[in-house]
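Working notes, structure below.
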Amino acid sequence: MGLINSIREARRNADVSNSLYLGAVGQARSPVFFASFGVPDTVDGRFDLIIIHIMLLVRRLRQNGKAAADVSQSLLNLMFADMDRNLREMGVGDLSVGRQVKKMAKAFYGRAETWETAIDEGTDKVGSALAETVYRSVDVPAEAISSLASYVMAADSHLAGQTIEGLVQGDVDFPAPEYQKPAA
């Protein structure tokens, strides 16, 4: 592949990643997560929701050929670059931004591994994993945790039903988050 083709491919991956990232962030900002699911409306709570959605996308893309793997890596690069930019906008000093992004990357990879393992084991395990991560600093009703766990499982299945061809073109669709009220 020539230099020009490499540049075009990198630009295309950047455009696709941007589309996927905006889709994930847009979904993570859905007010229902904070109002009904009890996710803390804090920097940490928002971060957790973004990384849940990015993890789900990376999970779907990761083992589907070179084009999907390249988009997946570009998506992660974009997410970390956005974290860097956001930290700077929040006033974090230049000398500590790198350290903070490294800490966030470690959190991302640790949580992503925990959540992926839990997804493979079922909704109850996802609920336990979310309780230890997303809900670590708040006390919420069990149905809130169960609802978020059900949503994560539904989103994983929903993404599995989307074509890789569509995803590597930047087309992503997440299911509507639905809070599950406990049976009376």
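Observations, loosely collected:
Yes or no, residue by residue, for (1) β-branched (Val, Ile, Thr); (2) under 15 Å from the mean Cα position of the chain (by Cα); (3) in a loop (DSSP other than H, G, I, E, B):
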| site | (1), (2), (3) |
| --- | --- |
| ALA105 | no, yes, no |
| THR114 | yes, yes, no |
| GLY127 | no, no, no |
| SER157 | no, yes, no |
| GLN162 | no, no, yes |
| GLU165 | no, no, no |
| ASP171 | no, no, yes |
| PHE174 | no, yes, yes |
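- Counting the residues of the stretch 1-43 that are of a type in the set (Asp, Glu) and either crowded, with 16+ Cβ neighbours inside 10 Å or without any contact (Cβ under 8 Å) to a residue 40 or more places away in the chain (or both) gives 1.
Rundown of residues vs (1) closer than 17 Å to HIS53 by Cα; (2) surrounded by 13 or more Cβ atoms within 10 Å (Cβ to Cβ), yes/no style:
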| residue | (1), (2) |
| --- | --- |
| GLU89 | no, no |
| GLY98 | no, no |
| ARG111 | yes, yes |
| GLU116 | yes, yes |
| GLU121 | no, no |
| LYS125 | no, yes |
| GLU132 | no, no |
| ARG136 | no, no |
| GLU143 | no, yes |
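- Filter pass, GLU178 being assigned to a loop (DSSP other than H, G, I, E, B) and touching a Phe, Trp or Tyr at 6+ places or on another chain (Cβ under 9 Å): yes
- Residue tally, condition without any contact (Cβ under 8 Å) to a residue 40 or more places away in the chain, surrounded by 15 or more Cβ atoms within 10 Å (Cβ to Cβ) and of a type in the set (A, V, I, L, M), over the stretch 146-184: 3
Every number in this text was worked out from the coordinates using simple rules, so none of it is lab data. What you see is a predicted model, and the numbers here were worked out from it, not measured in a lab. As a convention, Cβ positions derive from the backbone with ideal geometry for all residues, glycine included, and neighbour counts pool all protein chains shown.
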